[in-house]
Amino acid sequence: MDYRGRVAIVTGASSGIGRQVACDCAARGMAVVIAARRREQLEEVAAACTAAGGAVEVAVGDVAERAFVESLVERALARFGRLDVVVNNAGISKHKQIYAVTADEVEYVVRVNLLAPAWLTLAALPAMLRRGEGYVINVSSAAGRIVPPRETVYAASKFGLTGFTEGLTLDLQGSGIHAAVIHVGPIDTEIWQKTDEPTAFRGRKHPPRIVSAAIFEAIERRRHDVWVPRWMKLAYGFRLLSGRLYRAGAARFDPVPAAVVDAARARAASARTGLP
């Protein structure tokens, strides 16, 4: 596929997967609109993209804000005159016992992980329809198929993103616009340092470049569903085979301590206000 002259939007581009994807787009001759909250890191990514040969538009903001997300399409069209690829990569973790999760946290995670990709997709569709071609790539998570312990809210948002993408693959038939979801497993990014509570996972973390490679595979081979690393799909098959065994295994892998339940029950008792 000849990427030269094409234009991509990449969210969450200040580090990790987003940075890798942006640089790989630039190396292929694409212009890139890179979006994230941290200006200094984005400027560093922009410099790397420019050095790789791609033109760059830097957009600093929070994808939890709908107006900012929609402005990315406007900036791509104003600066480069077209839009070919959207990579919805921005995401936020929420690794926390459910007893400690707040309603505000639920709302923010859903806004970043699900609503933002939906907003950007809807904003991008008209430009893609006018050209008769486009690619919407949503970076989801293995948690969007296999729920890990202490990630109820995160998994819900990623299940939603997976479902949104699968719906797109049906609704966009005949339009020339291709949609794909990338189910990402353990990748070596900053997300591991941003969890609310320590994680039980001690296995190998793969480099972001394998996710970027999967994204370009989804574009070039028009694949709708890609697992990274690929063995994660076997874990999904096991999950489908036996929910009981999966729950038992998860309970052994990362059990809920009795002290956590006791503390939550004590807080609930102290918060009673005349209710039975």
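The values are calculated or read from the model by the stated rules, or taken from the named source; none is laboratory data. Keep in mind the model is a prediction, meaning the values are calculated, not measured. Note: ideal-geometry Cβ built from the backbone for every residue, glycine included; neighbour counts use all protein chains shown.
Evaluation of Val110 against the conditions (1) assigned to a helix (DSSP H, G or I); (2) within 15 Å of Ala143 (Cβ to Cβ); (3) touching a residue at least 60 places away in the same chain (Cβ under 8 Å) shows that the sole unmet condition is (3). Of all residue pairs spaced 6 or more apart or on separate chains, those with beta-carbon atoms under 8 Å, a first member in the stretch 185-202 that is among the aromatic types (Phe, Trp, Tyr) and a second member that is part of a loop (DSSP other than H, G, I, E, B) and at pLDDT below 70 are Trp192/Lys205. Here the condition is being crowded, with 23+ Cβ neighbours inside 10 Å and more than 18 Å from the chain's Cα centre (by Cα); of Ala47, Ala52, Ala26, Ala36, it holds for Ala26 alone. Considering (1) in contact (Cβ under 8 Å) with a residue 40 or more places away in the chain; (2) more than 29 Å from Val10 (Cα to Cα); (3) among the polar types (S, T, N, Q), the lone condition that Ser212 does not fulfil carries the number (2).
Here is the figure for the stretch 137-147: residues that are modelled with pLDDT of 95 or more and in contact with a Gly (Cβ under 9 Å, 6 or more places away or on another chain) total 2.
Results for (1) touching a helix residue (DSSP H, G or I) at 6+ places or on another chain (Cβ under 6 Å); (2) assigned to a helix (DSSP H, G or I); (3) of a type outside the set (Val, Ile, Thr); (4) at pLDDT below 95, shown as yes or no for each residue.
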position	(1), (2), (3), (4)
Ala123	yes, yes, yes, no
Met128	no, yes, yes, no
Tyr135	yes, no, yes, no
Pro149	yes, no, yes, yes
Ala156	no, yes, yes, no
Thr162	yes, yes, no, no
Thr165	no, yes, no, no
Leu168	no, yes, yes, no
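Scanning the stretch 221-267 for residues that are part of a loop (DSSP other than H, G, I, E, B) and hydrophobic (A, V, I, L, M, F, W, C) yields a count of 2.
Quick grid of which residues meet (1) touching a helix residue (DSSP H, G or I) at 6+ places or on another chain (Cβ under 7 Å); (2) of a type in the set (Val, Ile, Thr):
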position: Ile9; (1), (2): yes, yes
position: Ala27; (1), (2): yes, no
position: Val32; (1), (2): yes, yes
position: Ala46; (1), (2): no, no
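Restricting to the stretch 61-119, name every residue that is acidic (Asp, Glu) and crowded, with 20+ Cβ neighbours inside 10 Å. Correct list: Asp84 only. Annotation: of all residues in the stretch 93-113 being closer than 27 Å to Arg209 by Cβ and not β-branched (Val, Ile, Thr), the one that is nearest to the chain's Cα centre (by Cα) is Asn113.
From the list Ala116, Ala90, Ala67, the lone residue that is over 14 Å from the mean Cα position of the chain (by Cα) and at pLDDT 95 or above is Ala67.
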